[in-house]
Structure formats: structure tokens, C-alpha cells
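**Q** Let me begin by handing over the structure; questions about it come next.
The values are calculated or read from the model by the stated rules, or taken from the named source; none is laboratory data. Only a predicted model underlies this, so the values are computations on that prediction, with no experimental measurement involved. Methodologically, a virtual Cβ is constructed for each residue, glycine included, from the backbone with ideal geometry; neighbour enumeration extends over all protein chains shown.
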Amino acid sequence: MRRIALVPLVLLSAVALAEDASKPVKLVEELPTLKCLGVRWLIAGDDDRDAKVEVAYRKAGEAVWKEALDLFRVDPQGMRKAVQPTEGHFIFAGSIFGLEEDTAYEVKLSLTDPDGVAQPPSAVGAQAGAPVPHEQVLKMRTWAEPKLPAHSVAIPVAPDGFAAALAKAKPGDVLRLAKGIYKGTFRPPDGEPGKPVALVGEDGVVFDGDGKGNCIGAPGSHDITLHNLAFRNAKWALNFNASSRITVKRCTITDCDYGFVAQTDGRNQSRIYIADCTMKGPCTWPRSKNIEEQRGIQISGQGHVVCYNRISGYADGIDTFSTYPCSSIDFYGNEISECTDDGIEMDYSEHNTRCFENRLTNVFQGISVQPTWGGPVYIFRNAIHNLGLETFKMHNAPSGCLFFHNTSVKEGMPLVLYTGQPVTNFITRNNLYIGTRANYGYENTAPMRDCDFDYDGFGGEWKTFLKWNGVRYATIEDCREKAPVYRHAVAISPDKAFASGVKPPADVKTQFDPRVNDLRLREGSEAVDAGTVLPNINDGFVGKAPDLGAYELGQPLQHYGPRPNSR
């Protein structure tokens with residue numbers, strides 16, 4: 001199992017090391033999110049690629065360390081040229097998951113190399129020739145969900161006095177909007193860190209863009225909160241390009257081609273929080289046109305969280321975007337359906353972007369990574385039902401993605417990838433792919449380089465199990481004996497895979513209610529106990545081994561979409 005990271009400056013000793021030895025250079029802490037922490041570590045040397053970085057973590061003050069995934073070795077050639085490390089250097093990078101918000105943690109990184117590790121001055125004099133771990137213990141803290149200040153000033157506002165109230169608003173003010181139509185395009189004033197300007201609506205507050213570009217047009221803004229508002233009748237409902245510390249919560253967007261955009265300047269886009277919103281676009285299922293342009297959320301930058309939203313009727317539900325940096329971004333808990341292109345795009349991601357625990361129904365493509373720039377990009381425990389073509393769209397020469405514990409159910413081939421461009425440095429484990437009848441269980445036309453695919457389950461009927469780098473493997477048994485991948489692949493019976501009784505769709509054009517998308521396993525399925533252990537990903541599994549797919553047997557169905565008890 002490969003692992004991942006990036007880290008701070010460390011003084012190197014004068015001890016001469018072989019070119020195969022590892023030399024720590026710079027450690028970087030990523031912006032934390034509510035549930036995740038990420039790091040990157042620049043390393044020199046290790047020409048023979050046998051170094052690794054083990055990761056452990058614990059809450060501050062606790063005694064026991066918990067194991068996480070090792071840091072991931074990023075392929076320098078897979079990164080954007082503008083940020084590739086100099087010759088002789090590479091990067092370890094990675095994330096820790098499932099953390100509590102606004103909580104202090106200690107993160108221990110242990111770099112080891114059989115050929116030796118450059119020691120800090122205090123370690124000089126250690127026994128010569130012995131492998132020396134280089135250990136860093138970082139003190140990190142998860143982000144706190146943005147909330148209104150406890151002693152904020154509440155200002156009642158009616159529709160006819162809204163423009164004047166905006167002109168007078170100061171950092172920390174909360175404009176309490178009365179029910180009514182607020183017509184036109186508005187720009188709230190900026191707040192300050194910890195003291196946003198907030199627009200909070202009664203039920204029935206509607207912003208009508210009057211058919212113009214935006215309902216809220218606030219590029220280059222910061223420290224603004226929108227809560228319990230409805231937006232309609234504009235091309236872009238919310239334009240927060242080049243903006244930071246923006247919170248959008250429990251809002252509704254309809255009749256707009258784009259819901260939320262923050263995509264023009266990644267350097268100035270950070271700390272955006274979008275939660276418990278409902279966004280309905282104009283696209284319809286089944287797909288009847290070529291690729292449409294409408295997007296629910298399009299975002300780049302750093303440190304964002306997009307969670308527990310209900311998004312439907314767009315070409316893409318949620319996208320990362322091609323302005324940089326594009327890192328430390330989390331998408332989770334979202335209910336996404338009726339997308340005529342991609343349910344979720346992680347396109348143009350650089351490092352420590354994370355897409356997990358989302359539910360996608362009636363989407364033409366599942367989750368796109370075309371391209372990704374070195375990674376790691378984590379995609380795990382997503383449930384996808386009624387998929388048009390590719391579960392994971394790995395086009396345009398992506399590098400550095402990890403797919404764990406996803407479940408996909410579709411008509412036709414269980415898994416497919418149609419591209420002539422290479423895929424580099426990808427890992428899959430414990431995924432479950434269910435289809436119907438097809439020529440292949442997995443037809444892959446891409447040149448696959450330094451990829452490690454294993455412990456996945458496949459259900460359906462096929463003539464040939466696998467096509468990989470131009471070689472065909474007739475059966476799973478052939479693959480186990482002869483292929484460079486899938487030595488532990490598992491055949492799954494679709495009829496007994498799921499406790500809900502859901503079967504692969506007979507016709508992708510059918511529009512299913514997302515509640516049909518209950519892909520929890522049935523007792524007795526071959527997917528039970530068929531996985532492999534992944535620290536911090538499947539801790540607490542029940543049985544002999546982790547189960548395949550998005551859910552452990554007996555696990556309750558998690559909540560997707562807006563939380564009813566969210567404030």
C-alpha cells in the first residue's frame with residue numbers, strides 16, 4: 001500500500017549520504033478543514049524509491065496514537081510544471097480523515113529509508129550505518145464551522161430598505177431580512193475575520209436576479225455569510241470569484257445556470273463553506289444533448305468545505321476548477337442527482353482534495369479526475385446508482401488518485417475507461433462495481449503506468465473479465481494468476497449484493513428517486529469480508545476483514561443532503 005505527505009524546513013547534517021538516502025527538505029501544513037488534516041513533505045534523494053513516511057495521530061492530551069495511511073509518494077512528472085520540484089527532489093503528501101471539528105491534534109510523521117535519512121544536528125553521532133527514522137510531530141487543529149458572532153448586532157430590514165441597509169452595514173452586523181422579493185443584483189460589504197457581515201432571512205426571502213448576471217455579485221470580497229435565503233432568475237446565483245471566508249448555509253437556488261462560483265483566482269479563494277443548501281438547475285434526465293454548461297458549484301483555491309447539499313439538474317453537480325492552487329478541499333455528505341455530465345469533478349486538483357461519503361443517482365459520468373496534478377486526490381465511500389458510462393472519468397493524463405470503498409451500480413459494463421491518454425500513479429482498494437451484461441467486466445483502453453489496482457469486486461456477466469494495457473484476461477482466475485493487477489479481485493452476485501434488493505438498472509434512461517440508492521450490503525454477499533485493511537479509512541470493521549463498497553455490513557445509512565437539525 002503506497003502512502004502520502006508534504007512538510008517544513010529541516011536543517012541537514014553534514015554527514016555524507018548515498019544518493020539513495022533520503023534528505024528531508026521542507027514540510028508544509030495544508031489549511032485544515034472540519035474533518036481532515038493534510039501535509040506535504042519535500043524530500044531529496046531516495047533514488048531507489050524505498051523510503052516511506054508512516055503517519056500516526058491523536059487528540060492533544062491523549063496518550064494513544066492511532067495509525068493513518070502512510071503518506072503518498074507523488075510523481076513529480078504528474079505535477080503541474082510550474083510547481084514541479086527541482087531535479088533530485090520529490091514529495092510525500094497525505095491526509096488524515098474522520099476528525100472532530102475545532103479540535104487540536106498531534107500528527108506524527110516518521111520518515112524511514114533503509115539507505116539512511118539525513119539527521120538533524122542533535123542526531124549526529126548515532127550508530128553509523130543504521131537506518132535512522134526522521135520524525136516530526138506537528139501540532140495541528142481542525143477548522144471550526146463558521147458561525148455568527150455571539151454578540152452580533154441584529155438589524156431588521158425590509159425589501160424596500162435593503163440597499164440602504166447594505167450601505168450602512170459594518171463588520172459583525174447581521175441584517176435580518178423580512179419576507180419578500182429582493183430584486184436586482186446586490187453586493188454585501190466586507191466583514192472582518194470572525195466578524196462577517198451576515199444576511200439572514202425569514203422563510204420566504206427571495207432574491208430575484210431579474211434575468212441579469214447575478215443575484216449576489218461580490219467578486220473579490222471576504223467575510224460574508226448568507227443564511228436561509230432563496231435565489232432565482234439569474235445566470236450565476238452567487239458570484240464570489242477571488243473571495244475568501246464566505247459562508248452559504250441553508251440557502252435555495254433555482255432557475256439559474258450556475259449556483260455558486262469561486263473560480264477565477266485560486267490564490268485569493270480560501271475558507272469557503274457551503275452547507276445544507278438546495279440547488280436545482282435546468283438540466284433534465286435522461287441526457288438528451290451534448291455536454292451542457294450548467295454547474296451547481298464550481299470552486300478552486302484552498303481550505304473549502306462543501307457538505308450536505310442537495311444538488312440536481314445540472315451538467316455537473318460540484319466541480320473543482322483550473323485556477324491554482326487547488327488543494328485542501330472537501331466534498332462530502334452531498335445528495336446529487338440528474339447530472340447530464342459528471343456528478344462530481346475533482347478536475348485540476350493538486351493535492352489533498354477529498355471527495356467522500358456522497359450519494360450520486362442518475363448521472364452520466366460518476367466522478368471525474370481529468371486531469372489531476374500529482375495528488376493525492378482521495379475518493380472514498382461514495383455510492384453511485386444509475387450511471388451512464390464511466391464510474392471514474394480518468395481522462396487527460398491524470399496522476400495521483402486513490403479510490404477506496406466506492407460502490408457503483410449501472411447498466412452494462414461494471415467498470416469502463418475509454419481514453420488513449422496515460423493514467424499514472426493511481427491506487428484502488430475495496431471498491432464494488434456492479435453491472436449487467438457486457439463484453440468486459442472492466443475494459444480499460446488507457447496506458448496504465450505505476451498503477452496498483454486490487455481487492456475490488458465485480459458483478460455482472462461478461463465475456464472477458466479484464467483488458468489492461470492491451471492484454472486481455474479472460475476470467476478473474478486468469479487475472480489472479482497472470483495480471484499485474486487484481487490478484488485479489490472478487491466475483492460478486494448482483495442478485496444478492498444489497499439488502500435493499502436494488503438491482504442494476506435495465507435502462508439508464510430511467511430516472512430513479514435517490515432513495516432507491518441504498519447500496520448497503522446483504523448478509524451472505526461475496527463482498528462481505530473481502531477487502532483489505534486501510535488504516536483511518538476502514539477502522540472498526542466487523543468480521544474477518546473489511547467489506548467491499550461504500551458501507552460495512554450492518555452500518556446504518558448515513559444522511560445525505562441538508563441536515564434537518566442544522567442551524
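**Q** Do any residues in region 58-72 that are free of Cβ contacts under 8 Å to residues at least 60 places away in the same chain and within 15 Å of F97 (Cα to Cα) have Cβ atoms under 7 Å from those of residues that are part of a loop (DSSP other than H, G, I, E, B) and of a type in the set (S, T, Y), where the two are at least six apart or on different chains, and which pairs are they?
**A** K59/T103
**Q** While we're looking at this one, here's another question. Has region 151-163 got at least one residue that is surrounded by 15 or more Cβ atoms within 10 Å (Cβ to Cβ) and under 24 Å from Q294 (Cβ atoms)?
**A** No: zero hits.
**Q** When region 68-114 is examined, which residues are found to be acidic (D, E) and surrounded by 17 or more Cβ atoms within 10 Å (Cβ to Cβ)?
**A** D70, D75, D113, listed by residue number.
**Q** Starting from region 364-393, take each residue that is within 18 Å of D330 (Cα to Cα) and list its partners that are part of a strand (DSSP E or B) and at pLDDT below 95, counting only C-beta distances under 6 angstrom and pairs at least six apart or across chains.
**A** P376/I4
**Q** If you don't mind, there's one more thing I want to ask. Among the strands (runs of 3 or more DSSP E) contained in region 207-292, which hold 3 or more residues that are free of Cβ contacts under 8 Å to residues at least 40 places away in the same chain and under 22 Å from S368 (Cβ atoms)?
**A** In region 207-292, the matching strands (runs of 3 or more DSSP E) lie at 256-262.
**Q** Just to check your reading of the model, which residue among S243, S312 is buried (at least 24 other Cβ atoms within 10 Å of the Cβ), at negative phi and of a type in the set (S, T, Y)?
**A** The match here is S243.
**Q** When Y551 is evaluated against the numbered criteria (1) surrounded by fewer than 18 Cβ atoms within 10 Å (Cβ to Cβ); (2) in contact (Cβ under 8 Å) with a residue 60 or more places away in the chain, which criterion, by number, is the only one it fails?
**A** Of everything listed in (1) surrounded by fewer than 18 Cβ atoms within 10 Å (Cβ to Cβ); (2) in contact (Cβ under 8 Å) with a residue 60 or more places away in the chain, Y551 misses just condition (1).
**Q** Given (1) modelled with pLDDT of 95 or more; (2) under 30 Å from Y332 (Cα atoms), where does P85 come up short, assuming only one miss?
**A** The number of the failed condition is (2).
**Q** Right, G501: under 20 Å from N382 (Cα atoms) and part of a strand (DSSP E or B) or not?
**A** no
**Q** Considering only strands (runs of 3 or more DSSP E) fully contained in region 297-377, which possess at least 3 residues that are of a type in the set (D, E, K, R)?
**A** Once the strands (runs of 3 or more DSSP E) in region 297-377 are filtered for at least 3 residues that are of a type in the set (D, E, K, R), what remains is 335-345.
**Q** Under 9 Å by Cβ, and 6 or more places apart or on different chains, what pairs join a residue from region 424-448 that is within 18 Å of G366 (Cα to Cα) with one that is of a type in the set (K, R) and crowded, with 20+ Cβ neighbours inside 10 Å?
**A** Y433/K410; I434/K410; G435/K410; T436/K410
Residue-by-condition table, conditions (1) under 19 Å from L389 (Cβ atoms); (2) in contact (Cβ under 8 Å) with a residue 24 or more places away in the chain:
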| residue | (1), (2) |
| --- | --- |
| P484 | no, no |
| S500 | no, no |
| P504 | yes, yes |
| N536 | no, yes |
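**Q** Still on this structure, I have one more. β-branched (V, I, T), under 19 Å from G388 (Cα atoms), touching a strand residue (DSSP E or B) at 6+ places or on another chain (Cβ under 7 Å) and crowded, with 24+ Cβ neighbours inside 10 Å: does that describe T320?
**A** When the stated conditions are applied, T320 does not pass them.
**Q** In region 508-567, what count of residues is obtained for those that are part of a loop (DSSP other than H, G, I, E, B), of a type in the set (K, R), modelled with pLDDT of 95 or more and over 23 Å from E67 (Cβ atoms)?
**A** 4
**Q** Here's something else I'd like to know. Filter region 4-33 for residues that are buried (at least 17 other Cβ atoms within 10 Å of the Cβ), out of contact with any Leu (no Cβ under 7 Å at 6 or more places or on another chain), over 19 Å from A56 (Cβ atoms) and at pLDDT 50 or above and give the result.
**A** Correct list: A21, L31, T33.
**Q** Given the options W41, W65, name the one that is at pLDDT 95 or above and crowded, with 20+ Cβ neighbours inside 10 Å.
**A** That would be W41, the only listed residue that is at pLDDT 95 or above and crowded, with 20+ Cβ neighbours inside 10 Å.
**Q** Say we look at region 165-185 and pick out the residues that are in contact with a strand residue (DSSP E or B) (Cβ under 6 Å, 6 or more places away or on another chain) and among the hydrophobic types (A, V, I, L, M, F, W, C); which of these is surrounded by the most Cβ atoms within 10 Å (Cβ to Cβ)?
**A** L177
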